[in-house]
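J.: Quick one: the structure is below, questions incoming.
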Amino acid sequence: MMSEMQTDTSGNCNIAAALSRQASEQATGIAIHYPVGKRGRRVQYESASYHALNELSDVYARGLIEYGIGRGIRTALMLGPGLDFFALFFALFKAGAIPVLIDPGIGLKPLKICLSEAAPSAFIGVTRAQVARKLLGWVPGVKLVTAGLKLGWGGLNTTQLRTLGQKSSGAQLAATQADEVAAILFTSGSTGIPKGVLYRHRHFVGQVEMLRSTFDIRAGEVDLPTFPPFALFDPAMGMTTVVPLMDPTRPARADPRLLVETIERYGVTSIFGSPALLNVLSRYTEAKDFHMPTVRRIISAGAVLPVTTLRRMQKALSPGAEVYSPYGATECLPVACVSGTDLNDEITQRTSNGEGICVGSPVTPNEVKIIPITDKPVKSFADTTELPVGITGEIVVHGPTSTDTYWNRIEQTQLAKTTDSKGRVWHRMGDAGYFDAAGRLWYCGRKSQRLVNGSETLFADQIEAIFNTHPEVARTALVGVGPHGHQVPVLCVELIRHAGRKSRERIRRDLLRLGQNNVATAAITRVLFHKSFPVDIRHNAKIGREKLGLWAAGKRVVQQGSIDGMDH
């Protein structure tokens, strides 16, 4: 699936061609509103048209090529969301360079490892990122471009790069091919080591087309993306991007007042946010009885969106507007999608009964299958079997956005990929799930976080949904203590804020009674209360069950078999 706007008759394929087309079709239309500060309580914004953004990215692209950052050059990109982030990202595509995106919130040590693995030949970053690179010895001896002040480390600043580009008349769009490497996007490492996902130009083209058709996105809409990398799709789809004033690495701490003011100010029609951000926003809109009449859709990704958050968010929307929860991963997105309308009472009750999380029907033209769970490589479908409806196994996907390899990670690639009889690469999601009779996909939990005790296998998200129905529980996490195959199930519990310490014994008894009422949870007799679960940096939503498992293992009461958990 490739759009004419990104693939020409010669077979060239480059996602940056979409920006040039939008600049031609809606030259004076606003491409981006971005914050530049605050005056009192009001955020100050500046704007750039599609023509201005495209021209700036052209200038940057020519400057990059003149500077030696051209086709095939891996380039670390560490800029804050704003005009230069968009312009330089598309400039790298136009130059045929390969942007390397790493979440700065993963920590300094993992960040250094990722940079070492990617081995970029160039580094584009804000002054703070360049200072860290210098002090911590990241990727020495590379070409440097600094957005901000240079402090003696050489290279160019963005002003000098623009000057260089303005003096050049070189090509503005590299003739890249569909299978040519376009970018390296690192996973957050929330359920394992961060891995560099190798994106080819066809993957970006396929992603834009699937997002556009799945969510009926139209040129001229206004998007509020609270996760910066997702915003990069906006110019390709002709949307106006409104960059919110917030720390994108801490979405759970976003100021909902500023968000709703921005939504009203620019007539936002589409919002992208993690469950943690939508929890904050929906609580605010409910408390203030705030309505968002311009918003047509809200898209949530990064983790499972709780139904309670979805319902609160839906109250703030007009009839016909939808809250969507697409299922996927950095390696393959979107895979499936479910809407608030799809999640009727019958579906949500099945989740509360421990049947898993309904993630909807596969997105066209994806092919999705379920295979038996194994922690070993599956070289081809000839080495496994497809499981029937209703049987839980590992979810595998083939489609336009299914990536085929990790950068310099041979072992992880072998574990995550398999091929069919036609030689097509399928991505193993690392998730357990099953199909129901209606063709809907149900997610049960991460394969690596399953708990095995003899012949019994428990999947975290399936089990936790049963206990999450308690009104004083914010969320739960199922972890295993002990050797694999003989793990003791322990339920970690995070309470809502107003639940006091004195109520914990009562809540513990409530939870144990809930567990006894379900065959799948009857074996859970150990409960530990934790003040605040560790979560992923990227979305503040995925629970760090591995860390909680280590914490639970260190509790003497668990080792003794008591149900009296010690608090964190």
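J.: Can we say residue 385 is surrounded by 18 or more Cβ atoms within 10 Å (Cβ to Cβ) and in contact with a strand residue (DSSP E or B) (Cβ under 8 Å, 6 or more places away or on another chain)?
T.: In short, no.
J.: Count, please, the residues in region 232-270 that happen to be under 28 Å from residue 17 (Cβ atoms), in contact with a His (Cβ under 8 Å, 6 or more places away or on another chain) and not β-branched (Val, Ile, Thr).
T.: Residues meeting the conditions: 1.
J.: Among (1) in contact with a helix residue (DSSP H, G or I) (Cβ under 7 Å, 6 or more places away or on another chain); (2) closer than 29 Å to residue 401 by Cα; (3) among the polar types (S, T, N, Q), there is one condition residue 330 misses while meeting the rest; what is its number?
T.: (1)
J.: Also: Being surrounded by fewer than 11 Cβ atoms within 10 Å (Cβ to Cβ), under 21 Å from residue 550 (Cβ atoms) and not basic (Lys, Arg) is the filter here; which residues of region 487-534 pass it?
T.: 532 - this is the single residue of region 487-534 that is surrounded by fewer than 11 Cβ atoms within 10 Å (Cβ to Cβ), under 21 Å from residue 550 (Cβ atoms) and not basic (Lys, Arg).
J.: Okay, moving on. Quick check: is even one residue across region 415-430 in contact with a helix residue (DSSP H, G or I) (Cβ under 6 Å, 6 or more places away or on another chain) and crowded, with 17+ Cβ neighbours inside 10 Å?
T.: Yes, some residue in region 415-430 is in contact with a helix residue (DSSP H, G or I) (Cβ under 6 Å, 6 or more places away or on another chain) and crowded, with 17+ Cβ neighbours inside 10 Å.
J.: Could you go through region 133-153 and let me know if any residue there is surrounded by fewer than 15 Cβ atoms within 10 Å (Cβ to Cβ) and hydroxyl-bearing (Ser, Thr, Tyr).
T.: No, region 133-153 contains no residue that is surrounded by fewer than 15 Cβ atoms within 10 Å (Cβ to Cβ) and hydroxyl-bearing (Ser, Thr, Tyr).
J.: Please note which strands (runs of 3 or more DSSP E) are completely contained in region 450-568 and include at least 2 residues that are at pLDDT 90 or above and more than 30 Å from residue 103 (Cα to Cα).
T.: Those strands (runs of 3 or more DSSP E) span 456-458, 473-481, 488-495, 526-529.
J.: So which residues in region 375-427 are over 21 Å from the mean Cα position of the chain (by Cα), part of a loop (DSSP other than H, G, I, E, B) and either modelled with pLDDT under 95 or within 20 Å of residue 114 (Cβ to Cβ) (or both)?
T.: Correct list: 408 only.
J.: Right, here's the next one. Out of all the residues in region 327-362, which are farther than 20 Å from residue 392 by Cα and buried (at least 23 other Cβ atoms within 10 Å of the Cβ)?
T.: Hits for region 327-362 are 331, 332, 334.
J.: Out of all the residues in region 392-429, which are among the β-branched types (Val, Ile, Thr) and either within 21 Å of residue 333 (Cβ to Cβ) or touching a strand residue (DSSP E or B) at 6+ places or on another chain (Cβ under 6 Å) (or both)?
T.: Passing the criteria: 392, 395, 396, 397, 401, 403, 405, 413, 418, 419, 425.
J.: Which one of 173, 198, 161, 185 is crowded, with 22+ Cβ neighbours inside 10 Å, of a type outside the set (Gly, Ala, Ser) and either in contact (Cβ under 8 Å) with a residue 60 or more places away in the chain or under 21 Å from residue 143 (Cα atoms) (or both)?
T.: 161
The values are calculated or read from the model by the stated rules, or taken from the named source; none is laboratory data. The model shown is predicted, which means the values in this text are computed figures rather than measured ones. A quick note on method: Cβ atoms are made from the backbone with ideal geometry, for glycine too, and the neighbour counts reach across all protein chains shown.
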